[in-house]
Amino acid sequence: MATQEQSSLSKSQDSAQLWRVDVFGGLELFRAHFVEFSFSPHTHDEFMIGMTENGFALPQFRGAVRNVGPGDVFVLNPGEVHGGGPAANSIWQYRSFYPSSALMQRVAEELTETHRDVPQFTGGVIYSPTVATMLWQAHKALEEANSALVRESTLLEALVGLIVHHAADKITVHEVEKSKHRAVKLVKDYLEALPTENVSLDTLAREANISSFRLCRVFRRETGLSPHAYQILMRVRLAKSLLMKGMPISQVAVEAGFFDQAHLTRHFKRVYGVTPGRYLGEVFPS
């Protein structure tokens, strides 16, 4: 996790956090809990992608005051003036990303396999639970996950969904070739052989001789899982084998590449339907 810079705002009930993560050349993230604080009109050199978690706000952009509530998303192009803050008698909790133009252009070019200009967003508030959820999951992963693969994959998938469905210029997605089966097999072999390695998406892409963005698409098409979901599955299987050998759960979590025991428990139950403790009780009844 990157070092986080705390922002002390003028009102004690207002709080915000701004930090930078090292993915795809670097990306700034922001998280806020605002009661009274309101931004003066300003711009960013990067895109601004904001999503409201709770409360209501009245951001101002593109010549109008917008009403946003829980689950609402808005995207501003670099250089667009915006400002504003929470609505009266409301607390605005939101998260935002600041991806560079180069990153957004790269996503669009990988999707279309053609040279393209930087995608633009010209609409108002985006009302899409699917896109909002993907963005929220990506932001949380970038904030909390210790896996490079989880962080990069969830961010990439969220940006793809945003650009495909909401960019002003129509994106015609290029179908990935069926001949990429070998690339998927190479990545699966890598993750099966080294399930605990904190491997990056770019490393897997180099291993398979395919771009990192295309890898995510072809891997999901052939396996039904993203690369990071497949990595988690391999770690859960490893954890199960270690539990069967009598290793303590806390040690299994570390040995299988999980952040802690709670992290292992959450994913183990999603795969096997029971917690590691319950599983041990069945395998080694007292």
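Give me the residue from segment 258-286 that is farther than 18 Å from residue 245 by Cβ and basic (Lys, Arg) and, out of that set, farthest from the chain's Cα centre (by Cα). Restricting to residues being farther than 18 Å from residue 245 by Cβ and basic (Lys, Arg), the top hit is 269.
Taken together, 130, 112 contain a single residue that is outside the structural domain of residue 259 (by TED's automatic domain parsing), among the polar types (S, T, N, Q), surrounded by fewer than 20 Cβ atoms within 10 Å (Cβ to Cβ) and under 19 Å from residue 214 (Cα atoms), which is 112. If you go through segment 102-138 and keep only what is part of a loop (DSSP other than H, G, I, E, B) and under 17 Å from the mean Cα position of the chain (by Cα), you end up with just 128. Against the list (1) part of a helix (DSSP H, G or I); (2) surrounded by fewer than 17 Cβ atoms within 10 Å (Cβ to Cβ), the condition residue 146 fails is (1). Restricting attention to segment 236-268, the residues that are of a type in the set (Lys, Arg) and more than 21 Å from residue 191 (Cβ to Cβ) total 1. Considering only residues in segment 232-286 that are without any contact (Cβ under 8 Å) to a residue 40 or more places away in the chain, part of a loop (DSSP other than H, G, I, E, B) and among the hydrophobic types (A, V, I, L, M, F, W, C), the one that is farthest from residue 196 (Cα to Cα) turns out to be 284.
Name the residue that is surrounded by the most Cβ atoms within 10 Å (Cβ to Cβ), counting only residues in segment 183-214 that are touching a helix residue (DSSP H, G or I) at 6+ places or on another chain (Cβ under 8 Å) and over 16 Å from residue 231 (Cα atoms).
Step one: of segment 183-214, the residues touching a helix residue (DSSP H, G or I) at 6+ places or on another chain (Cβ under 8 Å) are 183-184, 186-188, 190-192, 195-196, 198-202, 204-205, 207-214.
Subsequent filtering for residues that are over 16 Å from residue 231 (Cα atoms) retains 209-211, 213-214.
On the way: 209: 11, 210: 23, 211: 17, 213: 19, 214: 19.
Taking the candidates together, the pick is 210.
Given the residues 215, 162, which is the only one that is in a helix (DSSP H, G or I), within 18 Å of the chain's Cα centre (by Cα) and assigned by TED's automatic domain parsing to the domain that holds residue 30?
Numbers: 215 fails: assigned by TED's automatic domain parsing to the domain that holds residue 30.
Sole residue among the options that is in a helix (DSSP H, G or I), within 18 Å of the chain's Cα centre (by Cα) and assigned by TED's automatic domain parsing to the domain that holds residue 30: 162.
Residues that are charged (D, E, K, R) and either surrounded by fewer than 17 Cβ atoms within 10 Å (Cβ to Cβ) or in contact (Cβ under 8 Å) with a residue 60 or more places away in the chain (or both) within segment 45-79 comprise 45, 53, 62, 66, 72, listed in sequence order. Taken together, 191, 204 contain a single residue that is part of a helix (DSSP H, G or I) and at pLDDT 95 or above, which is 191.
The values are calculated or read from the model by the stated rules, or taken from the named source; none is laboratory data. From a predicted model like this one, the values you see are computed outputs, not experimental measurements. No Cβ is skipped: glycine too gets one built from the backbone with ideal geometry, and neighbour counts run over all protein chains shown.
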